[in-house]
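Nothing in this text is a laboratory measurement; each read-out follows from the coordinates by a stated rule. Source: prediction; values computed, not measured. Here Cβ is always computed from backbone atoms with ideal geometry, including for glycine, and neighbour counts include all displayed protein chains.
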Amino acid sequence: MDVTGAAGPPTSDDGAYPGYRAARSRGLGELDTHLTRCRACPRLVAWREQVATTRRRAFHDEEYWAKPVPGFGPSDAALAIVGLAPAAHGGNRTGRMFTGDASGDFLFAALHAVGLASQSRATHRGDGLALYGVRVTAPVHCAPPQNKPTPAERDTCRPWLSAELALLGPSLRAVVALGAFGWQSLLPALGAAGWQMPRPRLAFGHGARLTLPATDERQELRILGSYHPSQRNTFTGRLTFAMLVDVLARAAALAGLRSEGPEV
Ligand code: SF4
C-alpha cells in the first residue's frame, strides 16, 4: 500500500501478477515483456534458477535463460500449438519454446515438413528459425521439476495463455493441443479468453477434434489433439513422425495456411 492506503499493482512474485499484467497488455510484445519478469510460482522459480546453476554437463559453458519462456511465432498467427511447459535444459536454457531439446527437434522437423517452419532444426534463439503463421506456446511458462506442474501452478499461469490467445484472436483459426495436459489447460484458457465452451467437454485423444463457435469478433476456432512429442512417446512409437505431420497438416489446412492434406 502507498501512503494513502491504496493498494499498488501486484509485484512480480505475487500470485495476482499474471492476471493483472496479462489483462493490461495491449500486444504480444508487451505481454511477453511482463511474462518474462514473472515470479509468481515459488517452486518453479526456485527450480528454473537451480537448474541454471547446476546445468547439464553438455551445456556447462552456457548461460541459461532461467526465466519464463514466452510464446514463439508471429503475432498474427492463424495456428497456435500449445504444449506443456519448457524443458529444464531446453527452453529454460535457450529462452525459446521447444528449442534445444529432443521434443523440439521432433516438433520443428514436423513443422518444416508441413511448410510451417523455415528449417527443421531449433538450437538457439539466434539460429534463424522462422515460423510461418504459427505460434508455439504453453500453458505453463516455467520449467517444472519432472515436467509436472501442479494444478495450482497451471492455474496461476493461465492468464498469460488466455491473454496470448485473446491477442491472437482476430487471426486465430486453429489450435493444436499437445498431450492431455495441453488439452485440459487449453480449454479453460480459451473460455477465459471469451470463446464458448461445448458441454460436455470432449476428452483428449490423439486426433480428437473440436469446433468452438464464432463470436462477434472472431471466426470459429478448430481444436485438434495430438500426443505430445515427448521422448517417452516418440521413442516408444506412440507418436510417429508421420502421425504428427498428419495432425499439423490438417491443422494448417483448417487454419487456411495450406490447402492440401498431409503428404506422408
Ligand atoms: Fe509466472 Fe507462469 Fe512462471 Fe508461474 S509458471 S512463475 S505464473 S510465468
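Net charge of the neighbourhood of Ser226, taken over other residues with C-beta under 14 Å away and scored Lys/Arg +1, Asp/Glu -1, is +3. Taking a ≥ b ≥ c as the square roots of the eigenvalues of the Cα gyration tensor, an a/c ratio of 1.5 or more together with a/b no larger than b/c marks the chain as oblate. Highest GNM mean-square fluctuation, the chain, Cα pairs closer than 10 Å: which of Gly91, Gly104, Gly126? Taking springs between Cα atoms under 10 Å, the residue moving most is Gly126.
For the pair Arg199 and Ala152, what calculated FRET efficiency results from E = 1/(1 + (r/R0)^6), where r is the Cβ-Cβ distance and R0 = 22 Å, to the nearest 0.05? The value I calculate is 0.30. Can you classify the stretch 105-198 as rounded, prolate or oblate using the Cα gyration tensor, where a ≥ b ≥ c are the square roots of its eigenvalues, rounded means a/c under 1.5, and otherwise it's prolate if a/b beats b/c and oblate if not? Oblate shape, in that a/c is at least 1.5 and b/c is the bigger or equal ratio. For the stretch 17-254, a simple Cβ point-charge model (Lys and Arg +1, Asp and Glu -1, everything else neutral) yields a dipole of about 480 debye relative to the Cα centre. Dividing the summed -39500 (n - 2.57) terms of all DSSP H runs of n ≥ 4 by the residue count of the chain sets its mean residue ellipticity at 222 nm at -11000 deg cm²/dmol.
Beta bridges assigned by DSSP with both partners in the chain are antiparallel in approximately 30 percent of cases. With the cut-off at 1.5 for a/c, could you classify the stretch 93-146 from its C-alpha gyration tensor as rounded, prolate or oblate? The shape class here is prolate.
Ordering Val114, Gly169, Val140 by the projection of their Cα atoms onto the charge dipole of the chain, which places +1 on the Cβ of Lys and Arg and -1 on the Cβ of Asp and Glu, puts Val140 at the extreme positive end.
Note on the chain: GNM, Cα springs under 10 Å; of Pro86, Pro188, Pro68, the largest mean-square fluctuation is that of Pro188. PRE reach from Arg232 (point 7 Å along Cα→Cβ): which of the stretch 181-206 fall under 20 Å by backbone N? Within reach of a label on Arg232: 181-186, 203-206. Within the listed set Gln196, Gln146, Gln119, the Gaussian network model of the chain (springs between alpha-carbon atoms below 10 Å) gives the highest mean-square fluctuation for Gln146. Between Gly225, Gly191, Leu79, the Cα set farthest toward the positive side of the dipole of the chain (charges on each charged residue's Cβ, about the Cα centre) is that of Gly225.
Once backbone amide H atoms are built at 1.01 Å from N, Ile81 has Arg135, Val136, Thr137, Val176 as its partners under 5 Å, excluding neighbours fewer than 5 places away on the same chain. In percent, rounded to a whole number, the relative contact order of the chain is 18, using alpha-carbon pairs under 8 Å and six or more apart. One chain, two ends: Ala46 and Asp61. Fully extended at 0.36 nm per residue, the span grows by 3.3 nm beyond their Cα-Cα distance. Computed extension length for Asp216-Arg125: 29.1 nm, one decimal, from 0.36 nm per residue of separation with the Cα-Cα distance subtracted.
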